[in-house]
Amino acid sequence: MHILSAASALPGPPVDNAALARRFGMDALWEQWVAAFIGTDARHLALDLESGKVTTTLADLAADAGARALAAAGVTAGEVDAVVLGTATPDRLMPATVNVVADRLGIDQVRTFQLQSGCSGAVQVLDVARQLLLAGETRTVLVLGGDVIARFYDVTRDLTRAAPAELVNYVLFGDAAGAAVVSADARPGSARVRALFTRLVGLGREPGAVLEWFGPADRHDDRPAATEDYKAIEKHVPEMTEEVLLELLRTVGWTDRDVDLVLPPQLSGRMTRLITDRLALPAAREVSVVDHAGNCGNAIVFLQLERALAALSPGDRAIGVSIESSKWIKAGFALEGVAS
């Protein structure tokens, strides 16, 4: 499998920590806590903070990113054989958001799949695309990933009374979508996928993140819509990232000195720096976007890929890692630049 292009779409202007503090009545000490403990400076939100009204849907963002990826790859809608979307926050339970996006892009008469997943969904959709290509019945797949997490915000919430497991979500996450065009055929400037895997490792582990879905019967329940066990995530994600790296290096026969680019997990700016330091890849340049885009869930790998493809020269090697903390999934991939 070869990645021909990648693109992203972000809603609205960036929202910095000071803007969040003003909206929720938090003081300067809270801003300092965000800077020190989270390390993320800004994020893009698909809702108006004052009114709480959603301004951009996942379908809006994914269609935008998909159109950009197709244009960058020089691929028309009629050349796409399948579309796969990964998300934790579909616009509706039905119709599936992937089908709405395909319709907007003018794609029809093809296979479509939507995966319900957290951050690792971006790698899972690449894995599904790879299986489709290996089956020999498709040549070109449009893969998408994205989340609109801000619509789970309660803009009337008094954050001074929120538990840490709820409070952290207001600063960790951003909204975005990303896309990539993958093909069985190499093209100049593309990246060959040398290895890729996703693996559930959550047996017996409590969820590290929970995102509720409320219906008419329980919509007035007082439990929070989103919670994070940040301490568990901070403990397990770095060690899981190192495990993914070592497995990928063994699979492709590279040493740590062979890696030119590293795309680490993007939970927060602070966590990313801790992980990158732990990996200690001597020659690798880090590809990170979380400082200014927030954790965009299923979009984040595509935001990284968009930048990595632009920096990947023929023969260059890249490692990407994504960790799903909701029920603990390890995922990663190894790329190599294709000669012009």
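Of the candidates TRP254, TRP213, the single residue that is surrounded by 15 or more Cβ atoms within 10 Å (Cβ to Cβ), part of a loop (DSSP other than H, G, I, E, B) and out of contact with any Leu (no Cβ under 7 Å at 6 or more places or on another chain) is TRP254.
Contact map, the stretch 289-310: first residue over 17 Å from ALA59 (Cα atoms), second residue of a type in the set (Phe, Trp, Tyr), Cβ cut-off under 9 Å, separation 6 or more or different chains; pairs are GLY294/PHE173; ASN295/PHE173; VAL301/PHE333.
The number of residues in the stretch 141-163 being over 24 Å from HIS292 (Cβ atoms), surrounded by fewer than 22 Cβ atoms within 10 Å (Cβ to Cβ) and within 23 Å of the chain's Cα centre (by Cα) comes to 1. Does ALA6 fit the bill of being crowded, with 22+ Cβ neighbours inside 10 Å and not in a strand (DSSP E or B)? Considered against the rule, which asks whether it is crowded, with 22+ Cβ neighbours inside 10 Å and not in a strand (DSSP E or B), ALA6 comes out as no. Checking each residue in the stretch 166-195 for being open to solvent by less than 40 Å² (accessible area, probe 1.4 Å) and not in a strand (DSSP E or B) picks out GLU166, LEU167, VAL168, ASN169, TYR170, VAL171, LEU172, GLY174, ASP175, ALA184, SER190. Selection within the stretch 102-121: residues that are among the hydrophobic types (A, V, I, L, M, F, W, C) and part of a loop (DSSP other than H, G, I, E, B). The member of this set that is surrounded by the most Cβ atoms within 10 Å (Cβ to Cβ) is CYS119. Being surrounded by fewer than 24 Cβ atoms within 10 Å (Cβ to Cβ) and polar (S, T, N, Q) is the filter here; which residues of the stretch 284-340 pass it? Correct list: SER288, SER313, SER326, SER340. Of all residues in the stretch 45-55, those that are closer than 30 Å to ALA72 by Cβ and open to solvent by less than 30 Å² (accessible area, probe 1.4 Å) total 3.
Quick one: is THR198 part of a strand (DSSP E or B) and either over 30 Å from ASP64 (Cα atoms) or in contact with a Ser or Thr (Cβ under 9 Å, 6 or more places away or on another chain) (or both)? It is true that THR198 is part of a strand (DSSP E or B) and either over 30 Å from ASP64 (Cα atoms) or in contact with a Ser or Thr (Cβ under 9 Å, 6 or more places away or on another chain) (or both).
Residue-wise test of (1) open to solvent by 10 Å² or more (accessible area, probe 1.4 Å); (2) over 19 Å from the mean Cα position of the chain (by Cα).
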{"site": "HIS2", "(1), (2)": "yes, yes"}
{"site": "LEU20", "(1), (2)": "no, yes"}
{"site": "ASP27", "(1), (2)": "yes, yes"}
{"site": "VAL34", "(1), (2)": "no, yes"}
{"site": "PHE37", "(1), (2)": "yes, yes"}
{"site": "ARG43", "(1), (2)": "no, no"}
{"site": "ALA69", "(1), (2)": "no, no"}
{"site": "GLY78", "(1), (2)": "yes, yes"}
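You will find that of ASP48, ASP103, ASP64, ASP60, the residue that is over 28 Å from TYR230 (Cα atoms) and over 18 Å from the mean Cα position of the chain (by Cα) is ASP103 and no other.
The values are calculated or read from the model by the stated rules, or taken from the named source; none is laboratory data. All values derive from a computational prediction rather than experimental measurement. We place every Cβ from the backbone using ideal geometry, glycine too, and count neighbours over all the protein chains shown. Just the protein is used for accessible areas: all its heavy atoms, side chains included, with ligands, DNA and RNA removed. Shrake-Rupley method; radii C 1.70, N 1.55, O 1.52, S 1.80 Å.
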